[in-house]
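Okay, so here's the structure we're looking at.
The values are calculated or read from the model by the stated rules, or taken from the named source; none is laboratory data. All of these numbers come straight from a predicted model, not from anything done at the bench. In this analysis, Cβ positions are derived from the backbone assuming ideal geometry, glycine residues included, and neighbour counts consider all displayed protein chains.
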Amino acid sequence: MSETIFSKIIAGEIPADKLYEDEHCIAINDINPQAPVHVLVIPKQSIAKLSDAAATDQALLGHLLLSVAKVAEQLGIADGYRVIINNGAGGGQTVFHLHLHILGGHTMSEGMA
Ligand code: AMP
């Protein structure tokens, strides 16, 4: 597994704005926010992209979604936010270490973009 900016953040080699951490994941502020609240939930275990996840990752994937809800609650946006996973270069993924975007802080439009 090649190193990414996120594996370096998890290893403590690069500083980040850490909002949440547990045994399996961290949540950090996105460096280039696309909404008033833009947080990334990142598993400590390095999976390059969602489509690389295996059946053995089922519990981790569930944990990530539950962590999204926990972090959204902590940030006071539990009433309305969007969760995005970009999968692969064609899906707009630029960092190849699985992560979930939480976008919120204003009313999200109905479109997916
Ligand atoms: P994606 O396009 O889904 O791979 O998203 C990668 C996200 O990581 C982008 O929204 C970037 O702004 C964000 N990002 C890149 N480097 C950092 C960093 N050092 N700290 C926080 N967020 C970052």
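Within region 79-92, the only residue that satisfies the criterion of being of a type outside the set (Asp, Glu), away from the ligand (no atom under 14 Å from the Cβ) and more than 15 Å from the chain's Cα centre (by Cα) is 80. Can you find a residue in region 55-78 that is surrounded by 11 or more Cβ atoms within 10 Å (Cβ to Cβ) and within 12 Å of the ligand (Cβ to nearest atom)? Scanning region 55-78, I find no residue that is surrounded by 11 or more Cβ atoms within 10 Å (Cβ to Cβ) and within 12 Å of the ligand (Cβ to nearest atom), so the answer is no. Within region 5-17, the set of residues being modelled with pLDDT of 95 or more and under 14 Å from the mean Cα position of the chain (by Cα) comprises 5, 6, 7, 9, 10. Taken over region 33-54, residues that are in contact (Cβ under 8 Å) with a residue 60 or more places away in the chain and either β-branched (Val, Ile, Thr) or closer than 19 Å to residue 67 by Cβ (or both) amount to 6. Can you spot a residue in region 90-98 that is outside any loop (DSSP other than H, G, I, E, B) and either out of contact with any Gly (no Cβ under 7 Å at 6 or more places or on another chain) or surrounded by 17 or more Cβ atoms within 10 Å (Cβ to Cβ) (or both)? Yes, region 90-98 contains a residue that is outside any loop (DSSP other than H, G, I, E, B) and either out of contact with any Gly (no Cβ under 7 Å at 6 or more places or on another chain) or surrounded by 17 or more Cβ atoms within 10 Å (Cβ to Cβ) (or both). Close Cβ contacts (under 7 Å, 6 or more residues apart or on different chains) running from residues in region 69-89 that are more than 10 Å from residue 101 (Cβ to Cβ) and at pLDDT 95 or above to residues that are in a helix (DSSP H, G or I) and hydroxyl-bearing (Ser, Thr, Tyr) comprise 87/51; 88/51.
Filter region 25-43 for residues that are under 12 Å from the mean Cα position of the chain (by Cα) and farther than 18 Å from residue 94 by Cα; which is farthest from the ligand (Cβ to nearest atom)?
Among those residues, the one meeting the criterion is 25.
Out of the residues in region 7-23 meeting the condition of being in contact with a helix residue (DSSP H, G or I) (Cβ under 7 Å, 6 or more places away or on another chain) and under 20 Å from residue 84 (Cβ atoms), tell me which one is surrounded by the most Cβ atoms within 10 Å (Cβ to Cβ). Taking the candidates together, the pick is 16.
Selection of region 1-32 for residues being in contact (Cβ under 8 Å) with a residue 12 or more places away in the chain and of a type in the set (S, T, N, Q) yields 2, 4, 7, 29. The set of residues in region 34-87 being in contact with a helix residue (DSSP H, G or I) (Cβ under 7 Å, 6 or more places away or on another chain) and among the small types (Gly, Ala, Ser) consists of 46, 53, 78.
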